[in-house]
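Throughout, read-outs are computed from the coordinates displayed, never taken from laboratory work. Remember, predicted model here, so these are calculated numbers, not experimental data. Here Cβ is always computed from backbone atoms with ideal geometry, including for glycine, and neighbour counts include all displayed protein chains.
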């Protein structure tokens, strides 16, 4: 998720209010397209459907951990079962993890 270009305050679609444009200069609507991938989570095959932007973030998380996206997903699946007893909406959990990771990226060692 590149954030090139400055976001400017100006008259947006909110009448009578100044707003900061939430769209980055290089915003690509293709990032909103859902992408389904077959993944193996701790030995079980399943299909995970996420918007393209989240697959990109997962690739960054995997690269930071020097592992595959499947390994990241398996780790999350295992940890959520150990910590919380599971989760009903795994796709939603992955989206939140991606956003949380971007909000507070790990420090470099």
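Take the Cα of residue 45, step 7 Å toward its Cβ, do the same at residue 87, and the gap between the two points is 2.4 nm. The residues 26, 77, when put in order of fewest to most other Cβ atoms within 10 Å, stand as 26, 77. Taken over region 28-103, the percentage of Cα pairs per 5 Å bin, counting from 0 up to the bin with the maximum distance, is 3, 15, 26, 29, 18, 6, 2, 0.
Sorted ascending by nearby beta carbons within 10 Å, beginning with the fewest, 48, 73, 41, 82 become 82, 41, 48, 73. Ordering 96, 69 by the number of other Cβ atoms within 10 Å of each residue's own Cβ, fewest first, gives 96, 69.
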